[in-house]
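Have a look at the structure below, then the notes.
Any read-out appearing in this document is the output of simple, stated calculations on the displayed coordinates, not a laboratory observation. All values reported here derive from a predicted model rather than from experimental measurement. Don't worry about glycine lacking a Cβ; one is built from the backbone with ideal geometry, like all the others, and counts go over all protein chains shown.
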Amino acid sequence: QVAASLPPRHGRPEPACSTAGHFAMAAGGSGSAFRGDDHPSVDADISADPRALPIWLDKRKRASLVLADGSIFQGYSFGHAESTSGEVVFNTGMVGYPESLTDPSYAGQILVITFPLIGNYGVAAEERDELGLLRHFESDKIHLRAVVIQDYSFISSHYTAEKTLGDWLKEQKIPGIYGVDTRAITKQIRRHGAVLGKVVVDGSRPADSFEFEDPNLVNLSARVSRKEKQVFLPPPIDEARKSEMQASGDLEVSPKTCTGETVHILTVDCGIKNNIIRYLVNVLRVKVTVVPWDYDFTKDEFDGLFLSNGPGDPTQCKATIEHIRSVMQRPTQVPIFGICLGNQLLALAAGAKTYKMKFGNRGMNQPCIDLRTTRCYITPQNHGYAVDTASLPVEWTPLMVNANDGTNEGIIHRQRPWFSVQFHPEAKGGPTDTAFLFHTFVRNISEPSATGVTTIPYSLPVHKRKVLVLGSGGLTIGQAGEFDYSGSQAIKALRESGVTSVLINPNIATVQTSSGYADRVYFLPVNPDFVTQVIKRERPDGILCTFGGQTALNCAVKLDELGVFEKYGCQVMGTPIKAIITTEDRDLFAQAVAHCGYKVAESACCNTVEDAVQASNKIGYPVLVRAAYALGGLGSGFAADEAEVRALVNQALVNSPQVIVDKSLKGWKELEYEVVRDASDNCITVCNMENLDPMGIHTGESIVIAPSQTLTNEEYFRLRECALKVVRHLGVVGECNIQYAVDPASKEFRIIEVNARLSRSSALASKATGY
């Protein structure tokens, strides 16, 4: 009723947003929400004063986004109460708002964040790292003009949060609006292109009192660049850290030149992000000299030239372009690497052209194809200009291309060590998939003869004519409905590929057994005996065993042990049986995880009750008892003492030959990532999910939220990087999910398990994302 009584926004009634929920939480005494003049704190219990919420809603300061085309989007102020103007752009990232707001490439812009709920994890402290850079931010201040979001979280939920997003915006004097239909704004920009806009806050300048300002008409790099030269040296590292870096591959490239001197990289600051400097200095261990955008470095001595990201039109940086061109004309070939604006500057120095894009690419999930290998990488981006590939001189060639819109994503010289990319391999925020490009750059310096070309294993495609699908089975735990969904998708894909499909599924009340799906259906139980008979009769070329749940998976493992697949020439398609066994056997799985440099919860695999009791006493109570090869957690539970262990183990051994005793992680956050990997090693995370309940509540009985709501950019992509590394090591081909336990009060996390198959979560991920 309160929401319905408020004035409509953008021609529609205002929906009941999460403001009321946050208000109730604050009023219940869970923290100091609604701080500041615009959102006064209300400490009284809302149930004691039913007028409190309507009063607070009515007192919110109104604000609006006014576009140059006449469109007006109404909302409420939650930042600095001052009107402003700039170019309106949108970012599709789900996390990383502190990194985006402090990215100098957003200078002069009004940022619309498409993810619907912002502010969940607050803003961390402004502490500096060993290089003197702000640890959690990409520069020393917020550079954009204003931020526009749909829904604002007044309460932060993260152990690192020192302030709310609204408080931070007020400190930095940056306007912010929430309660805006950001989806409508994004659609309008996609249809009509980038547009100028004004943020108008009640009590500040009215819209007709100031002009629309186009930031691209000025040299924005001159505004955000350093004013003086600054040198960064790699800090000393102890042996433990050195071993860790060697194990992760970070020290695979020598930070020394052929003379034994530390590699020296001169970096042109056109709006450089802090994490670029951190990666070069802390990870690759090189000396970095950062100079202003117009600094004349043509007479300086250095081993490599790095061209940074930055805002605005690259043609405004005329001095930088001339200096780059002078270095390229040197008789000795100095390696050059550019990122984002640096890609455009290198192209202009080479003689190519750039152009203004319709609405640019800004987000964390842009797919880019490496034209040397056709491998696809998921990349973070933030740019409104692009290189005109057709204008490249003959000695240059495109390096990367955007798989969405076909725009240029990188260039490379055919003979000299000069290359650049349009995206951000330093990944703050965003995925870390392309960090290897920094290694390529330094390798071009330390190993001049290195080619730097990325290759991937290649094999001739094998065409299947007939494929057997192990279906979802009866309505019992471990198979049932969610696998009817995934199996139906698999059968559709086979039909579209012209492959004959044979389905085994005893459940007539399923979609996949309906007419028009599989070419042939056997209403038989999914067990080794019946599946063997069908294979013998149908003689399929391949079998899909990861679409029928744990029942189908266990059946496939048994058939492999019996040699049925080899005997009848039936190839397991997707994840190999060996990988399935590794994920199901706790000892093998723990070894695989340790090989990747990560941890599982302290655990032991036991075959008897007495073994389980001894393991529990050694690990320490409470413990989690789980059955290996479990059907949806069957036979699992927490045990606080020996008696409870004995009871649980006796029950679990009825359903499984092996029992897993884990250290209890009760109270930790539970998250999972849905991962897809193809046979060419392209690997993506479709989405991630977070349980509303902490560890200790089975996923099937918990509310699951997609995507996660309380992870920072660093946490989100650390877990993503871990997922890709583990999945690749295991050799999973197809869909799988990896589950984590994350300590809510530190950076610690543990891998719970990897399901090398489709799961209940897969259906949720598919429907939540449309993938």
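Give me the tail of P(r) for the range 477-542 as a percent: Cα-Cα pairs with distance above 14 Å. For the range 477-542, the fraction of Cα-Cα distances above 14 Å is 58 percent. Mean silhouette area of the range 603-709, derived from the convex hull of its C-alpha atoms and averaged over all directions, reads 8.0 nm². Here is how the number arises for the chain: DSSP H runs of 4 or more residues each give -39500 (n - 2.57), the sum is divided by the residue count, and the result at 222 nm is -8000 deg cm²/dmol.
Is the range 50-139 best put as rounded, prolate or oblate by its Cα gyration tensor, with a ≥ b ≥ c the root eigenvalues, rounded for a/c under 1.5, and otherwise prolate when a/b is larger than b/c, oblate when not?
On the way: a/c = 2.28, a/b = 1.37, b/c = 1.66.
Oblate shape, in that a/c is at least 1.5 and b/c is the bigger or equal ratio.
Place the peptides 605-616, 374-385 in order of packing, highest mean first, counting for every residue the other Cβ atoms within 10 Å and averaging per peptide. Present the calculation step by step, with values, prior to reporting the outcome.
Numbers: 605-616: 18.2, 374-385: 21.9.
In decreasing order of mean packing, 605-616, 374-385 become 374-385, 605-616.
With the cut-off at 28 Å, tell me which of the pairs LYS141/LYS666; LYS618/LYS666; LYS256/LYS599; LYS173/LYS428; LYS141/LYS187 have Cα atoms farther apart than that. Each step should come with its number before you reach the end.
Values: LYS141/LYS666 39 Å; LYS618/LYS666 18 Å; LYS256/LYS599 33 Å; LYS173/LYS428 23 Å; LYS141/LYS187 30 Å.
In this structure, LYS141/LYS666; LYS256/LYS599; LYS141/LYS187 exceed 28 Å between Cα atoms.
In this structure, the amide hydrogen of PHE90, modeled 1.01 Å from its nitrogen in the peptide plane, lies closer than 5 angstrom to those of VAL112, counting only residues at least 5 positions away or on a different chain.
Label the range 269-366 by shape, choosing from rounded, prolate and oblate, from the square roots a ≥ b ≥ c of the eigenvalues of the Cα gyration tensor; if a/c is under 1.5 it is rounded, and otherwise prolate applies when a/b is larger than b/c, oblate when it is not.
Numbers: a/c = 1.92, a/b = 1.14, b/c = 1.68.
Cα axes put the range 269-366 in the oblate bin.
The angle separating the long axis of helix 760-769 from the principal Cα axis of greatest extent in the chain is about 30 degrees.
For TRP418, the residues 5 or more places off, or on other chains, whose built amide H falls under 5 Å of its own are ILE336, HIS413. For the chain, the longest principal axis of the C-alpha atoms and the axis of helix 713-730 are separated by about 40°. What separates the Cα centres of the range 600-671 and the range 74-116 is a distance of 48 Å. How would the range 326-448 be classified by its alpha-carbon gyration tensor: rounded, prolate or oblate, with rounded meaning a/c under 1.5 and the a/b versus b/c comparison settling the rest? Taking the square roots of the gyration eigenvalues as a ≥ b ≥ c, the range 326-448 is oblate.
May I ask for the net charge around GLN172, where only other residues with Cβ less than 15 Å from the Cβ of GLN172 are counted and Lys, Arg are +1 while Asp, Glu are -1?
Counting the neighbours of GLN172, the net charge comes to -4.
Compared with the dominant principal axis of the Cα atoms in the chain, helix 341-350 is inclined by about 60°.
Note down the net charge around GLY429, summing +1 for each Lys or Arg and -1 for each Asp or Glu among other residues with Cβ under 12 Å from its Cβ.
Details: positive: LYS273, ARG362, LYS428, ARG718, ARG720; negative: GLU99, ASP103, GLU138, GLU426, GLU714, GLU715.
Around GLY429, the surrounding residues sum to -1.
What the Cα atoms of the range 387-447 give is an Rg and a Dmax of 12.6, 36 Å. A simple rule links phi to the HN-Hα coupling: the Karplus curve 6.51 cos²θ - 1.76 cosθ + 1.60 with θ = phi - 60°, which for the range 119-126 gives x, 4, 9, x, 9, 6, 5, 8 Hz, with x for Gly and Pro.
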